[in-house]
Amino acid sequence: MARQERAEQTRQRLIEAAAAEFAAHGYAGTSLLGIVRSAGVTMGALTFHFSSKHALADAVQGAGAAATREVMHGAESAPGLQGVLGGALALAAALKTTPSIRAAARFTREGRGAESNWYASWAPQVREGLVREWPEKYRDSALTPSSATALLTYVLAGFEATATARDALRDATGGESQGELVQALQALTVLVSTAEPLRPGTRSSLPAED
């Protein structure tokens, strides 16, 4: 095996190990020592490829964003509104199985770098798809493409957050929280199909956000 190929394999192994550590423990709770142990490489190998923890986290963030775009691109094959909402369901599944996506989402939740916004790698695409595919008869309904995008975003944020607190949430809710969040995503399709027009002068009972 060529030296360059071995070096690339080591780099990828480090990114994968770091993604799992960052997803589980967050940026502050992850150590470089833990990453090299998980990757099965030396500290020298890590510092050869990444000058700092920050640089390694950036690589994980990039890998997570790329994996997210790949998931969303794969979901585009389904037609219409179901395809758009199917992308959100596919992303929920990927959050559960792909550490780099989970780590990228957690970095954003923790406020690590305003330029590294995981939601920006998929939410605009979902909103554009909803605007494009929104049924004409529901153009004046209480549920709009913008509010549906917000709902999807909040549910997926909760899906990522529950990955590190499953036992506590199970005790509090009496059920499997992630499974229930997936059901919430699926229920959005029903909400869209049954949304009724908002009568003139009707306002939401929820307080406006400051």
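The values are calculated or read from the model by the stated rules, or taken from the named source; none is laboratory data. For clarity, every value in this text was computed on a predicted model and none was experimentally measured. We work out accessible area using only protein heavy atoms, side chains counted, and drop any ligands, DNA or RNA first. Shrake-Rupley method; radii C 1.70, N 1.55, O 1.52, S 1.80 Å.
Shape of segment 1-64 from its Cα gyration tensor (a ≥ b ≥ c, root eigenvalues): rounded if a/c is under 1.5, otherwise prolate when a/b > b/c, or oblate? Taking the square roots of the gyration eigenvalues as a ≥ b ≥ c, segment 1-64 is prolate. Shape verdict for segment 1-143, please, from the Cα gyration tensor: rounded (a/c under 1.5), prolate (a/b greater than b/c) or oblate. In terms of gyration-tensor shape, prolate.
Across segment 17-134, C-alpha contacts under 8 Å between residues 6 or more apart give a mean separation that, scaled by the residue count, equals a relative contact order of 30 percent.
Close amide-amide hydrogen proximity is noted between Ser141 and Leu198, each under 5 Å apart and 5 or more residues distant or on a separate chain (H modeled in the peptide plane; Pro and chain starts excluded). Element breakdown for segment 1-157 at a 1.4 angstrom probe: carbon and sulfur atoms account for 55% of the accessible area.
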